[in-house]
1. For the condition over 12 Å from the mean Cα position of the chain (by Cα) and under 28 Å from A:Phe158 (Cα atoms), what is the one hit in B:Gly110, B:Gly187, B:Gly94, B:Gly121?
2. Given the condition touching a Ser or Thr at 6+ places or on another chain (Cβ under 7 Å), β-branched (Val, Ile, Thr) and surrounded by 22 or more Cβ atoms within 10 Å (Cβ to Cβ), answer yes or no: does some residue in region B:173-180 qualify?
3. Mind telling me which of the residues A:Pro34, A:Pro21 ends up being at pLDDT below 85, assigned by TED's automatic domain parsing to the domain that holds A:Arg267 and either closer than 30 Å to A:Thr211 by Cα or surrounded by fewer than 14 Cβ atoms within 10 Å (Cβ to Cβ) (or both)?
4. Residues that are over 19 Å from A:Leu136 (Cβ atoms), crowded, with 20+ Cβ neighbours inside 10 Å and away from chain B (no Cβ under 14 Å): does region A:198-210 have at least one?
5. Sort out for me the helices (runs of 4 or more DSSP H) sitting completely within region B:147-202 that have 1 or more residues that are under 19 Å from B:Lys82 (Cβ atoms), away from chain A (no Cβ under 14 Å) and polar (S, T, N, Q).
6. When the residues of region A:97-110 are filtered to those that are touching a Pro at 6+ places or on another chain (Cβ under 8 Å) and either closer than 23 Å to B:Leu142 by Cα or surrounded by fewer than 21 Cβ atoms within 10 Å (Cβ to Cβ) (or both), which remaining residue is modelled with the highest pLDDT?
7. Only residues that are in contact with a Ser or Thr (Cβ under 6 Å, 6 or more places away or on another chain) and buried (at least 24 other Cβ atoms within 10 Å of the Cβ): list them for region A:43-52, please.
8. Determine which member of the set A:Ala172, A:Ala190 is buried (at least 23 other Cβ atoms within 10 Å of the Cβ), closer than 30 Å to A:Val287 by Cα, out of contact with any Cys (no Cβ under 6 Å at 6 or more places or on another chain) and small (Gly, Ala, Ser).
Amino acid sequence: MVLRSLCVLRAQAAASLSGLPAALLPGGSGLDLPGSGLVLRSLSTDVFQNLALEDWIHDNVDLHSRSILLLWRNSAAVVVGRHQNPWQECDLRLMRRSGVPVARRRSGGGTVFHDPGNLNLTFFSSRKNYDRARNLRVVTGALRALRPGIDVRATDRFDILLDGHYKISGTAAKLGRTAAYHHCTLLCSADRPLLASLLRPTCHGIHSNATASLPAPVQNLMDHDPSLTPESITRQLAQQYLAEFGSGGLPVVPVQPSDPAFGGIDRAAAALRGWDWTHGRTPRFSVDTALELADGAAAATASVHLEVKAGRVEACRLAVAPEWLPGGPPARLAARLLGARFCPSEAAAVAEAFLRAEGGGATGARLGARLGDLCDKMVALM
Amino acid sequence: MGWCAEVMRVHLAVKPLCTVQSVDRHSVKMAMRVALRCVSANFSHKGPRLSHLPQISAALQLRRTDLTRTLSTTSQLSTALKFTDKHEWVQVDGKVGTVGISNFAQEALGDVVYCGLPEIGQKLENMEEFGALESVKAASELYSPLTGEVTEVNTDLAENPSLVNKACYKEGWLIKMTIENPSELDGLMDDAAYEKFIKSLE
């Protein structure tokens, strides 16, 4: 039974590989492709695998005389730019509850929401041929071909606006040593309510020089015209791209990132999925905010100052009115948080150990409840 | 401006490491102390090993060459810039090199909005990604021109990343690092050679 499954898998892998020109693979045969444009479509819906696939193509494919368009879609994810602060960009708590991961890409730019209703396009080229305006003309050209008269325009920030007002596409790019990629989103039928609720930051009081996002009103192309589905747009995009960049009649090639031909993608995807990259790569920031404390009968406010570097608490100051809590415990909690990740699960573990240590001996019920409340509010901050 | 269609030959490769943080004066002083300690440690390590006879002469040879190299560097107090084909410059002052990007590079990059630079103490290999500059055009990676250790990071760039555009050879410097293999400098271009190189790209 196992043997048969393996055979089936191998056959499937071979089938998906057979459409790939040999020249696409590392140490390519130097096969002369007719024309210079190639369209690939990823079969993965995992944002980390697809980001790793992007990096792989960028690093391994000879793009001197060839251009590639990679089309990909992911299950729900929030993708932040390389130098952004996820705490400042989205509701991380809601995302954890909803099972929506945060990903950090290697290109610059702002935060976007991905789901199967959003189409991602990556235009690979040599650095010399890096031309975002040309790439976006492929997109607007494809949309106009599908729906003549549609008002879609690229702005000077390389967003694409529908009806001069709604953002349907955002752009980001990465320039490497000899090659470059420009990728953009395209909202076809994304879950807009989910997008709106997730892209609402909940951690307040952040001071940071991380690159900020520019929020914009959005719309789905399918709301404008139901025939503008991800599938119909994909087909037209491929045609438009090959017409612009030259193809010689090559088909759209499906690629499976987990295929062993793409060596190291799983490892790269795992690194991209890791907390150290997604959160730890955040530029240093500080948080200055107030915690609303309560014990059921009365209320108080605590002021919090935190400094976070590489995702870990580098400094922490907690000031609580002495009539609410004596100075000792808050200071001890602050000290325990040093070095911990700015992350609720780690903070909760620290808080638990702290409460156990404080809980023994003379702590009364009210003091214990107030300490517990302080801990909960600290954890909720992250 | 039509900066979409320019020739992009800026070879700034980067692996995002840590970002520029506001390093306080104390940390900078500590870093300098570390750098100085590294320099003195280098001298002591280059001493001959007495345990293996055949190696003594080789070690002595090495030491002599290094001393000569060091002496010639310090006596020149070289401030001449050397360039990589990735449009970075290195300015050597004793055993420390200051690294930045050239005017050609900053022009091609466009307005820099963020500098992602390594931490002090980070060890870099020649040609290894050490950071990224994010500009309105793209995130552009930075490649280390030399092998060595980061001793200083330009903290002014945290608040003022546009210094890279405005004063790429002076206040817009990126990092300072130790120079582990001075011979790597021989492979870099001087001012005249770099000018010629840029012209060949246009």
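The values are calculated or read from the model by the stated rules, or taken from the named source; none is laboratory data. Not measured: the values here are computed from a predicted model. Neighbour counts are summed over all protein chains in view; Cβ atoms, including those assigned to glycine, are modelled from backbone coordinates with ideal geometry.
1. None of the other options fit; the residue is B:Gly110.
2. no
3. After applying the criteria, what remains is A:Pro34.
4. yes
5. Values: elements: B:156-159, B:163-166, B:183-186, B:191-201.
Because the criterion is at least 1 residues that are under 19 Å from B:Lys82 (Cβ atoms), away from chain A (no Cβ under 14 Å) and polar (S, T, N, Q), the helices (runs of 4 or more DSSP H) in region B:147-202 that meet it are B:183-186.
6. Only one residue tops the list, namely A:Arg104.
7. Going through region A:43-52, the residues in contact with a Ser or Thr (Cβ under 6 Å, 6 or more places away or on another chain) turn out to be A:45, A:50.
Within region A:43-52, A:Asn50 is the sole residue that qualifies.
8. On the way: A:Ala190 fails: closer than 30 Å to A:Val287 by Cα.
Of the residues listed, the single one that is buried (at least 23 other Cβ atoms within 10 Å of the Cβ), closer than 30 Å to A:Val287 by Cα, out of contact with any Cys (no Cβ under 6 Å at 6 or more places or on another chain) and small (Gly, Ala, Ser) is A:Ala172.
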